[in-house]
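The values are calculated or read from the model by the stated rules, or taken from the named source; none is laboratory data. Keep in mind the model is a prediction, meaning the values are calculated, not measured. Please note: Cβ atoms are built from the backbone with ideal geometry, for glycine as well, and neighbour counts cover all protein chains shown.
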Protein chains: 2
Amino acid sequence: MADFNVMRELHTSATTKIILLVMDGLGGLPREAGGKTELETARTPNLDRLAAEGICGLSIPIQAGITPGSGPAHLALFGYDPLRYEIGRGVLEALGIGFDLGPDDVAARGNFCTVNEQGLITDRRAGRIPTSKCIELVQMLRAITLPGVEVFVEAVEDYRFALILRGPGLADGLTETDPQATGKAPLPVQALTPEAEKTADLLNRWIAAARQILASQQPANMVTLRGIAKNPGLPSMPEVYGMKTAAIATYPMYRGVAKLVGMTVLDAGHTVEDEIAALQRHWNEFDFFYFHVKKTDSAGEDGDFDRKVSIIEHVDELLPQIMALKPDVVVVTGDHSTPAVLKSHSWHPVPTLLWSAFCRPDRAQAFGESDCAQGALGQFPATDIMPLALANARRLNKFGA
Amino acid sequence: MADFNVMRELHTSATTKIILLVMDGLGGLPREAGGKTELETARTPNLDRLAAEGICGLSIPIQAGITPGSGPAHLALFGYDPLRYEIGRGVLEALGIGFDLGPDDVAARGNFCTVNEQGLITDRRAGRIPTSKCIELVQMLRAITLPGVEVFVEAVEDYRFALILRGPGLADGLTETDPQATGKAPLPVQALTPEAEKTADLLNRWIAAARQILASQQPANMVTLRGIAKNPGLPSMPEVYGMKTAAIATYPMYRGVAKLVGMTVLDAGHTVEDEIAALQRHWNEFDFFYFHVKKTDSAGEDGDFDRKVSIIEHVDELLPQIMALKPDVVVVTGDHSTPAVLKSHSWHPVPTLLWSAFCRPDRAQAFGESDCAQGALGQFPATDIMPLALANARRLNKFGA
């Protein structure tokens with residue numbers, strides 16, 4: 001794992017450039033016994049060449065057996081011990097929509113939901129209302145005021161919004177209101193510490209007001225709040241690693257994590273082609289680029305093996321455009337595995353390649369789970385990726401005399 | 001390693017079943033340079049099939065280079081950091097014979113030994129007296145009383161017994177009396193902390209009384225005390241992992257460790273066939289079964305390469321009876337290596353396979369040290385086994401959002 005004090009002490013300036021290409025949920029499983037995974041099925045001549053010239057392994061995002069959420073999995077890729085540094089989902093949502101979260105703000109992820117006449121939830125996602133409807137409802141909820149604090153309500157996507165309270169004396173350590181099942185009533189926010197009592201009270205008042213405002217709306221006639229948390233105040237990557245760091249990601253949450261660790265979040269458009277254009281446009285301005293591809297994970301979550309294969313192949317086709325920029329170090333990995341056969345994130349370690357002129361290539365000849373299992377990196381913690389990338393970029397001095 | 005707080009937070013209910021099959025001292029060494037280990041020599045078509053369908057690796061019980069005792073090695077298999085959680089041998093002996101150890105009891109492993117007229121030990125095991133003799137002598141030692149505490153003396157097996165003191169103010173942190181060599185006198189118990197002074201004094205009084213009672217006995221005319229310790233109060237597996245856990249083991253010490261971590265210890269008989277019958281009998285009652293095979297280790301300790309091979313082959317022949325129960329996850333491993341050529345426990349990492357429908361199979365095709373060294377798990381801490389087993393049994397929720 002990256003020891004941040006060691007990183008701070010050893011990092012040195014250089015003109016080299018690093019690309020961390022993260023295909024979300026990259027790792028997979030064979031569709032049938034004895035078969036190949038999504039990545040192994042995909043025709044990926046360019047990734048295979050990088051794997052053959054580079055060094056490969058399987059990275060463990062959190063710990064053996066632990067299925068990571070996207071937040072902790074990304075922290076690990078950026079070198080942050082995800083068991084030490086925790087980010088509430090509300091914080092991620094707020095940052096992901098570009099909300100400028102202050103150090104003492106409390107943020108919650110809100111879901112519109114449907115309740116019946118008894119107040120029991122019948123749909124936890126309010127029929128997945130479109131974003132346009134979400135924006136309209138959020139506008140209505142902005143009428144709610146609370147004593148002594150500022151209140152921000154921001155639409156996110158579909159049925160999701162962010163609620164942020166700003167003011168003195170707010171604290172986190174609060175329970176969620178989503179009962180995680182239909183047929184149950186939303187729960188009250190409860191304080192887990194005495195310091196959080198005031199914040200719990202304010203949030204419960206806000207929920208009561210929201211219930212009244214939404215009462216006549218269908219299907220989004222109620223809200224739940226989840227992941228209520230403060231900005232954790234993480235160390236910043238530019239400070240820890242001594243690099244100008246940029247994030248290219250299309251999806252709010254990943255932009256949010258990147259912002260949280262101090263990266264400059266670039267305008268990345270909507271497609272991988274857009275993202276490459278952003279990379280080209282900003283190539284001279286930064287030392288390090290986090291480049292995120294979301295749709296591999298979405299396909300895995302949908303259980304669509306073939307679509308995941310296609311997306312990987314599409315990234316492979318575009319890879320020469322990235323390599324044409326002549327990066328010094330390229331890491332290709334995922335934040336976690338999302339095997340289509342499981343239709344969910346999983347605990348399986350993630351195929352990872354590191355390519356540079358100095359990486360000491362191993363015998364792995366293709367980019368896939370089985371080859372990576374034979375790679376010289378073996379199974380290794382994802383938090384090792386950043387120190388390895390910096391070392392290969394000649395950005396770390398010697399430790400000790 | 002299993003972070004217990006993470007396990008507690010993430011474990012979820014399921015109907016899946018896990019078997020942890022531990023062949024004690026499984027790992028070995030080739031008999032001659034270039035040869036095969038015991039496991040590689042054994043004809044094991046059933047284990048080989050599990051290895052081919054599963055994921056393999058070499059587990060490190062404690063740390064690289066460390067030869068484990070059975071207690072810490074088993075704690076690691078159960079997910080307990082053996083450097084953090086220590087169990088005195090006396091505690092294991094007491095629990096292994098079914099003694100209901102209280103939280104403040106102090107337990108010691110006792111050995112009958114032979115001393116000459118000068119009080120010097122001539123046989124540290126009193127000619128390995130039979131258990132019947134041990135029971136008779138223990139009955140005599142029960143006459144000893146001590147001020148302010150209850151005293152329990154229990155026969156274990158052959159020349160071994162357990163001594164337990166119960167009462168207020170007892171402490172551990174005490175030296176052993178076995179000088180670990182013949183020609184020397186038994187040592188006094190010494191307190192390593194001021195709080196343990198009283199306990200040391202009581203134990204020395206008990207030893208003096210035992211010496212008098214045994215004076216005329218041959219060859220068991222004296223005792224030594226080892227591993228004097230309190231119940232360490234370990235977290236319980238059912239609480240940490242959220243599973244109903246059972247232990248099937250024929251040998252007292254392993255039953256003792258299992259009890260210490262909160263497993264229900266089943267009546268397991270004396271043979272592997274008896275143990276399988278116990279597994280079948282209790283199959284519907286538990287989620288997790290620790291299944292222990294002792295004799296691989298005994299053969300290794302005796303330096304009997306061929307007998308160790310035979311025992312492994314015998315287990316392999318019985319394996320279809322275990323698989324017929326349709327477990328969801330099967331882990332086959334050892335607690336440590338006991339190479340016949342070394343006639344002792346060793347530091348070598350232990351061949352390990354994990355079989356489940358979701359394990360992401362690797363290229364290992366047979367169950368043996370060389371194949372496991374090429375397995376996708378690589379060399380990995382034995383404490384990872386439980387989280388991996390739970391993950392494969394779909395018994396862990398996602399960590400973070």
- Is at least one residue of segment A:362-380 under 16 Å from A:Ala42 (Cβ atoms) and among the charged types (D, E, K, R)? yes
- Only one of these conditions is not met by A:Gly65: (1) of a type outside the set (Ser, Thr, Tyr); (2) more than 7 Å from chain B (Cβ to nearest Cβ); (3) over 14 Å from A:Ile385 (Cβ atoms); (4) buried (at least 21 other Cβ atoms within 10 Å of the Cβ). Which number is it? (2)
- Message: Tell me the residue from B:Gly334, B:Gly375 that is within 11 Å of chain A (Cβ to nearest Cβ), crowded, with 24+ Cβ neighbours inside 10 Å and under 29 Å from B:Met243 (Cβ atoms), please.
- Response: B:Gly375
- Query: Identify, please: which residue in segment A:74-99 is within 10 Å of chain B (Cβ to nearest Cβ) and closer than 11 Å to A:Thr383 by Cβ and is, among those, surrounded by the most Cβ atoms within 10 Å (Cβ to Cβ)?
  - Reply: A:Leu75
- Task: Kindly check whether there is at least one residue in segment A:356-369 that is within 14 Å of chain B (Cβ to nearest Cβ), within 24 Å of the chain's Cα centre (by Cα) and modelled with pLDDT of 95 or more.
- Result: yes
- Message: Just the residues that are touching a helix residue (DSSP H, G or I) at 6+ places or on another chain (Cβ under 9 Å) and of a type in the set (Gly, Ala, Ser), please, taken from segment A:127-147.
- Response: A:Ala143
- Message: Whether any residue in segment A:242-251 is within 30 Å of A:Met323 (Cα to Cα) and at pLDDT below 95 is what I want to check.
- Response: yes
- Quick check: is even one residue across segment A:295-312 closer than 30 Å to A:Gly233 by Cβ, within 14 Å of chain B (Cβ to nearest Cβ) and at pLDDT below 95? no
- Message: Looking only at helices (runs of 4 or more DSSP H) that lie completely in segment A:1-100, which have at least 1 residues being in contact with an Asp or Glu (Cβ under 6 Å, 6 or more places away or on another chain)?
- Response: A:45-53, A:70-77
- Message: Looking at (1) surrounded by 20 or more Cβ atoms within 10 Å (Cβ to Cβ); (2) under 30 Å from B:Ala52 (Cβ atoms); (3) small (Gly, Ala, Ser); (4) more than 14 Å from chain B (Cβ to nearest Cβ), which one does A:Gly28 not meet, given that it meets all the others?
- Response: (4)
- Query: If we keep just the residues of segment B:384-401 that are outside any loop (DSSP other than H, G, I, E, B) and without any contact (Cβ under 8 Å) to a residue 60 or more places away in the chain, which is surrounded by the most Cβ atoms within 10 Å (Cβ to Cβ)?
  - Reply: B:Leu388
- Item | Search result, residues across segment A:101-131 that are in a loop (DSSP other than H, G, I, E, B) and within 15 Å of A:Glu157 (Cβ to Cβ) | A:Arg125, A:Ile129, A:Pro130
- Query: Which is assigned by TED's automatic domain parsing to the domain that holds B:Ser337, on the phi < 0 side of the Ramachandran plot and small (Gly, Ala, Ser), of B:Gly27, B:Gly65, B:Gly102?
  - Reply: B:Gly27
- Message: If I ask for residues that are of a type in the set (A, V, I, L, M, F, W, C) and under 24 Å from B:Glu313 (Cβ atoms), which ones from segment B:351-384 would you list?
- Response: B:Leu353, B:Leu354, B:Trp355, B:Ala364, B:Ala366, B:Phe367, B:Cys372, B:Ala373
- Task: Scan segment A:51-62 for residues that are surrounded by 24 or more Cβ atoms within 10 Å (Cβ to Cβ) and either at pLDDT below 95 or over 17 Å from the mean Cα position of the chain (by Cα) (or both) and report the count.
- Result: 5
- Message: Here is a check on your reading of the model: is A:Arg109 buried (at least 18 other Cβ atoms within 10 Å of the Cβ), out of contact with any helix residue (DSSP H, G or I) (no Cβ under 9 Å at 6 or more places or on another chain), under 22 Å from A:Met253 (Cα atoms) and in contact (Cβ under 8 Å) with a residue 40 or more places away in the chain?
- Response: no
- Message: Given the options A:Ile135, A:Ile144, name the one that is at negative phi and surrounded by 15 or more Cβ atoms within 10 Å (Cβ to Cβ).
- Response: A:Ile144
- Given A:Ala185, A:Ala268, A:Ala210, which one is assigned to a loop (DSSP other than H, G, I, E, B) and in contact (Cβ under 8 Å) with a residue 60 or more places away in the chain? A:Ala185
